Structures are given as C-alpha cells and as structure tokens.
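Working notes, structure below.
The values are calculated or read from the model by the stated rules, or taken from the named source; none is laboratory data. These numbers were taken from a predicted model, which means no experiment stands behind them. Cβ: placed from backbone, ideal geometry, glycine included. Neighbour counts: every protein chain shown. With ligands, DNA and RNA removed, areas are computed over all heavy atoms of the protein, side chains included. Shrake-Rupley method; radii C 1.70, N 1.55, O 1.52, S 1.80 Å.
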Amino acid sequence: MIEVFEEFQEETYIEAKKQKQSIKMGFSPGTLQILGAKELLEFTDKHDDINLKISEYSDVSCEANVLNETLDTAFTINPHNAVDFHYYSLIKDHFVAVVNKSNPIAQKESISFEDLREESLILLDDTFRMQLVVAEHFKKAGIRPRVYSRCNHDLNTAYDFVALNKGIFIFVNSLAKIDAYDELVRIPISVPTAFWDLGFIIKKDKKISQPLKKFMSYFFRKPHL
C-alpha cells in the first residue's frame, strides 16, 4: 500500500506540473528593470503553479501582440487607446533632458519645452510611445523641434552624441543612466503633463485569468512602485 500511495503521489505531482497555467507577458524596452527581475523571480517562487513566459518588444509591438492575443498582457507605456485596451497604470516618472555640462542649460535646476526651442535634439523613434508625448508637448508649445538624430534601442549612441555636444537627449529620469559619462548631467523637465506612464495593457473585453490577476495584484502591492 505504501508503494501504491507513493506512485499515486508521483503521478499527481506530474499531472499538476502539466496543468501549470501560463502567463504570456511582454515588456517594452527598459520596463523590465523598473518592474524588477528579482521581483519576477520572487513571484514565480511563490506561485509555482504559474508558468511566466516573458518577451521584449517595442511599445508598438507590445500593443499589436496583445491585440492578436500572442500575449496575455504587456508592461508598457500608456497607449491612450481605450477602444482596444484596458490600461492599468502602475508607475509614473518625469522626463529629463540629458545635457552636456558645457551647454548653458546644464546650469538650470529645471526646464520647460520652451527652453529647448533653439536646441539640437536627440529623440527616440516612433516605436516608443514616449515620443508621442514629447511631440505633443512641443506642438502645444508651438515648437518645431530641431532633430539631430532619432535613436532606437542603442541608447549609448544617444549619450555619445550628447557627450560630443551634438544635442540634448530627452528621456525618462529612472532610465537615464549617465554615470559612465563625466560630461553629462540630467535636468528635470518640469511640465506636469509630461511624464512616463507605465502599466499593464489587456485587450478590451478579454477576461483576465486568475493567474494574471495574481500577477498584477502582486506588483500593485509593492511599495516601491
């Protein structure tokens, strides 16, 4: 009877492993470090019945993959699209100007978009939703930005251009890692409506699974987010 019971236990364990529920999740560039790889591992350790599958895509591709249901959710920038998505905001962060110390703007405590009217700019390309927010604020200020370069995922290129005094890079405060560059400083862009709004997107009218509810609740309870 002991042998039969042990066989039953083993079969039950194997069957339970087969029935693990999955979450297919996308991250746009830079967002995984905000949510935290350590925290992801903590979640999977505490919920060994959930199989978390993660992939990185651009903001635009995150949205497309949630819409075609390749992904259950994506942790990305607010798409401002209430027709196709439910959006659950988790964290907001302000924009900064990464500036060469030799630029007079580097002496300011904070700036507005008007301060950038005559500056050469290094911006992200249009696969980043942040860029739409930046473009919107330049338009409101009546400014046609002077673009030196548009960057994709290689942000070192943007920092290198600023270090060479070719322009000012507009980015997110928490992601602007400039410690390796003695020539650079970060200046806050103090415009209340200009911020990075990061959260979970889910396809409109798609039922949120229990594993996904657990996942989202886990991070909404995190005090540092």
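Rolling a 1.4 Å probe over the protein heavy atoms of the chain, with every protein chain left in place, gives an accessible area that is 50 percent carbon and sulfur.
Remark: the chain carries a charge dipole of roughly 920 debye about the Cα centre, counting +1 on each Lys and Arg Cβ and -1 on each Asp and Glu Cβ.
Taking the longest Cα principal axis of the chain as reference, the axis of helix 210-220 is set at about 40 degrees. Full extension of the chain segment joining K207 with L52 gains 54.0 nm, where the gain is 0.36 nm per residue of separation less the Cα-Cα distance.
Shape class of segment 127-225 from the alpha-carbon gyration tensor: prolate, with a/c at 1.5 or above and a/b greater than b/c. Here's how it looks for F85: its modeled amide H is under 5 Å from those of K204, which are all 5 or more places away or on a different chain.
Straight Cα distances below 15 angstrom link K214 to the aspartates and glutamates E39, E42, D45, D48, D49, D72, with same-chain residues fewer than 8 positions distant left out. For the chain, the longest principal axis of the C-alpha atoms and the axis of helix 2-18 are separated by about 30°. Between helix 37-46 and the chain there is an angle of about 20 degrees, using the helix long axis and the longest principal axis of the Cα atoms. Stretching E69 away from R144 to a fully extended chain increases their span by 23.2 nm, per 0.36 nm per residue minus the current alpha-carbon distance. Neighbours of E118 by Cβ distance under 13 Å: Lys/Arg scored +1, Asp/Glu scored -1, total 0.
If both residues of a DSSP beta bridge must be in segment 71-225, then about 75% of such bridges are antiparallel. Shown is the FRET efficiency for Y88 and N165, computed with R0 = 45 Å from the Cβ-Cβ distance and rounded to the nearest 0.05: 0.65. Read through the labelled values [x] 1.35; [y] 0.95; [z] 1.27 and report the label of the one computed as Cα Rg over 2.2 N^0.38 Å from the structure. Matching the structure shown: [z].
With R₀ fixed at 25 Å, the C-beta to C-beta distance from L132 to Q107 puts the FRET efficiency at about 0.25. Listed by chain and number, the lysines whose alpha-carbon sits under 26 Å from that of K213, ignoring those within fewer than 8 places in the same chain, are K17, K18, K20, K24, K38, K46, K53, K92, K203, K204, K222. Note on segment 170-225: along the principal axes its Cα atoms extend 49, 24, 18 Å, ordered by decreasing extent.
About its Cα centre, what dipole magnitude does segment 176-217 give when the only charges are +1 on Lys and Arg Cβ and -1 on Asp and Glu Cβ, stated in debye to the nearest 20? In total the dipole reaches around 640 debye.
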